[in-house]
1. What FRET efficiency comes out for Lys118 versus Ala66 if R0 is 25 angstrom and r is the Cβ-Cβ distance? Round to the nearest 0.05.
2. Between Trp95 and Val59, what is the FRET efficiency for a Förster distance of 35 Å, r being their Cβ-Cβ separation, to the nearest 0.05?
3. Provide the packing ranking of 94-101, 150-157, i.e. peptides ordered by the mean count of other C-beta atoms within 10 Å per residue, highest first.
4. Estimate the FRET efficiency between Ser197 and Asp142 by the formula 1/(1 + (r/R0)^6), using the beta-carbon distance for r and 45 Å for R0, to the nearest 0.05.
5. Got a sec? What order do Ile83, Ile147 fall in by accessible area at 1.4 Å, biggest, i.e. largest, first?
6. Loop-only GluC sites (Glu not before Pro) in the range 102-166, please: DSSP not H, G, I, E or B, and at most 11 other Cβ atoms within 10 Å.
7. Tell me, what is the percent relative contact order of the range 53-159, built from C-alpha pairs under 8 Å that lie six or more residues apart?
8. Name the residue farthest towards the positive end of the dipole of the range 127-185 from the options Gly132, Gln159, Ala145, assuming +1 on Cβ of Lys and Arg, -1 on Cβ of Asp and Glu, about the Cα centre.
Amino acid sequence: MTVHKLTAGDGYTYLTRQVAAHDATSLHRQGLGAYYSEKGETPGIWMGRGMDAVPGFPVGQHVTEANMKALFGEGRHPNADQIERDLIRAGTHPWVVDEATRLGAPYLVYEDTNEFRKRCAQAFADRNAADGLPGDWPVPADVRAEIRTQIARTMFIEQFGREPADARELSGHLNRISRQATTAVAGYDLTFSPVKSVST
């Protein structure tokens, strides 16, 4: 079993990147071994008896990225966009519309996002764009390390007006500037994954 913390905001995107693309249009047949080599996870389905208490909860339906963004990103009803559209068409006051899609108190937003992390995220997105990949696509570990080191060196020079004396000084600076900013937790992803050769 693995446990992954889902942070409020865009923490859910790690899950959407893991979902296998089952809507591929290729017509070629795959061998029986394709099941064992397939990457990603199958799309989830909303389930649970407690969800009946939330009007319009999409129990039994596939989980979409819009659902994930609303629930885990914003603390709102998974179908918040549709509910908002329907209420606005009906002439409902904006305050009532917002309350109708909220599931409890809004997530706390911490504005002190780490500058180093911002720069890294932008650099990763730029690198992916240069390679023709989506901006949030995972960057290979060696490339990430190189980008992080370059940004840390640049920030060191900006702060102290000189190059780091040695690798140790740069490493210490990197550790200080890369500390995780405070984030609200939207939930936890618990994954139970036996090897694919296990069958029942």
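The values are calculated or read from the model by the stated rules, or taken from the named source; none is laboratory data. Keep in mind it's a predicted model, so treat the numbers as computed, not measured. Cβ atoms come from the backbone with ideal geometry, glycine included; neighbour counts cover every protein chain shown. Side chains are part of the model used for accessible areas, which takes the heavy atoms of the whole protein and leaves out ligands, DNA and RNA. Shrake-Rupley method; radii C 1.70, N 1.55, O 1.52, S 1.80 Å.
1. Computed FRET efficiency for Lys118 and Ala66 comes out at 0.50.
2. 0.80
3. 150-157, 94-101
4. Plugging the Cβ-Cβ distance into 1/(1 + (r/R0)^6) gives 0.90.
5. Ile83, Ile147
6. When the GluC sites (Glu not before Pro) of the range 102-166 are filtered for loop state and at most 11 Cβ neighbours within 10 Å, Glu111 remain.
7. Averaging sequence separation for qualifying contacts and normalising by length gives 17 percent for the range 53-159.
8. Looking along the dipole axis, the top candidate is Gln159.
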